[in-house]
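Notes follow the structure.
Coordinate-derived values only; no laboratory data. What you see is a predicted model; the values in this text were computed from it and never measured. Glycine gets a Cβ as well: all are built from the backbone with ideal geometry, and neighbour counts include every protein chain shown.
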Amino acid sequence: MADDKDVLRDVWYGRIPACFTLHQDQVTEREAEPYYLLLPRVSYLTLVTDKVKKHFLKVMRAEDVEEMWLEYEGTPLKWHYPIGVLFDLHASSSILPWNITVHFKDFPERDLLHCSSNSVIEAHFMSGIKEADALKHKSQVVNDMQKKDHKQLWMGLQNDKFDQFWAMNRKLMEYSTEDGGFRYIPFRIYQTTGERPFIQKLFRPLSADGAVHTLGDLLREMYPAAVTHEGAEKRLQVVIHGIEPLLETPLQWLSEHLSHPDNFLHICIIPVPSD
Amino acid sequence: MKMISGLDEDSFVACCRLVLQKSEELRDGWRWEQGSEGYLRKTVLHSVSIQEAENSEREIAHKECQSSEAVLLDDEDDDNVAGANCPADPPLWVHSEFHVLFSSSYRTPVMFFRSNTLEGRALSLDAMWSFIKPKLKSSSEEDLLSTVTQQEHPLLGQTFFMLHPCKTNTFMRPVLQAAQRENR
């Protein structure tokens, strides 16, 4: 049986092969070749696509270039979601590589956040960590950390340094034995239908009488349609990091081992593939 | 980070009801948007002086002034007449939306807002600051600038600006205390 720590490494090093193609409406001085890249599931698009930008800028005139944005089959990709979440939500039933279209004009202001520099990504990432700790520890652990500790979390993610990141992140995963777990579990449940981008509410890892809450318990409370009843046909998949964990898995364990670097459990509810 | 202790979702909803009552009396335009999680909403159509705005916003104001003039003039009239009546620095008409949601993570209200020109173009944060700044003399500018960021609206999934929850406390505490006093 795999060690729990192995799970942490497997999650960190998850990759998705992607192929970037310039949108046909973009004016170029010569033909633009597609660009291939392995994307880390746990990172953010704007943090890892500098090479993509440089590649396409070579064939474009400066006056045709505005902020780069990415799209998959007409859907603008929200850079502030972890890459793995975007893939599981929009493209998991398609053949690899993930075909992403690159744009340099007509930025969709209503749908996408601007990302003028890496500090914007850092600020977004850190605010996720802080919010997660507000839920887990009433912000006590993150507030007790020094500025350099926060920086270490960010640098670990930015530079793909598992050990550097976890040396600090393990503090955010601790809890006292009498508590038995975190105060509330930081999670977001994403769906592909409807206006609401995600569901995020308060949910404890243990019930009032000390029973361990499972993934199934969370879904029954927050998204009952995802829990198939006996005899019924399964219509929805519950996906975390590209896999379907058993619904009996304790939520506390999932939070400690399958969270993203921002300390949130990002859960995708997608239709069962029809093929 | 200090939080208003004891604010849960029910208290938030109760405070919102008070705000709505006051808003009704003052004809201030706040409404309740119902959903599984409800929130306060107010939309405002207003013109802003854009002397301090970026050039891009000035261009928008000029174009919109000219296009609205063109609509009013006859079709046969020549193009160079349109825009002749536009002032040098026309006011920019802006449609602004303000939402007050409840953050269960921070147990505090959070404000989201956005502004668009009448042609649907989103205003940048810089442009908005140029006409908000003159009104905020007491708070330190740097302090405020670091607490307003672009965010995804958690219920609508669209781009808004958000006043950071930490600062909601600073801004909202006097308001809520007054509301709670009235409630007794």
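Relative to the compact-globule estimate of 2.2 N^0.38 Å, the Cα radius of gyration of the range A:139-275 comes out at 1.17. Across the cross-link table entries A:Lys5/A:Lys161; A:Lys53/A:Lys78; A:Lys51/A:Lys148; A:Lys54/A:Lys105, which are compared at the Cα atoms, the separations over 23 Å belong to A:Lys51/A:Lys148.
The phi-based Karplus calculation (6.51 cos²θ - 1.76 cosθ + 1.60; θ = phi - 60°) puts the 3J(HN,Hα) values of the range A:20-34 at 9, 10, 6, 5, 4, 6, 6, 7, 10, 7, 8, 4, 9, 6, x Hz, whole numbers, x for Gly and Pro.
Evaluated on the range A:148-202, the Kirkwood hydrodynamic radius is 13.9 Å, with distances taken between all distinct Cα atoms. The loop-placed trypsin sites (Lys or Arg not before Pro) in the range A:27-120, going by DSSP, that have at most 13 neighbouring Cβ atoms within 10 Å of their Cβ come out as A:Arg30, A:Lys58, A:Arg61. Each Cα pair of chain A feeds into the Kirkwood radius, which the Stokes-Einstein equation turns, at 20 °C and 1.002 mPa s, into a diffusion coefficient of 107 µm²/s.
Sequence-ordered 3J(HN,Hα) estimates for the range A:164-169 from the Karplus curve with 6.51, -1.76 and 1.60 and θ = phi - 60° stand at 4, 5, 6, 4, 9, 5 Hz, glycine and proline given as x. For the range A:73-136, the fraction of alpha-carbon pairs lying more than 14 Å apart is 68 percent, rounded to a whole number. When GluC sites (Glu not before Pro) are flagged only if DSSP places them in a loop and at most 14 other Cβ atoms lie within 10 Å, the longest unflagged stretch of chain A comes out as A:74-173.
In this structure, the amide hydrogen of A:Asn99, modeled 1.01 Å from its nitrogen in the peptide plane, lies closer than 5 angstrom to those of A:Cys19, counting only residues at least 5 positions away or on a different chain. Secondary structure note: in chain A, about 65% of the DSSP beta bridges are antiparallel.
Mean projected area of the convex hull spanned by the Cα atoms of the range A:16-153, taken over all viewing directions: 9.7 nm². Close amide-amide hydrogen proximity is noted between B:Leu92 and B:Val48, B:Ile50, each under 5 Å apart and 5 or more residues distant or on a separate chain (H modeled in the peptide plane; Pro and chain starts excluded). Counting only other chain Cβ atoms within 10 Å of each residue's Cβ, the peptide B:120-126 averages 2. For B:Gln151, the residues 5 or more places off, or on other chains, whose built amide H falls under 5 Å of its own are B:Phe160, B:Phe161, B:Met162.
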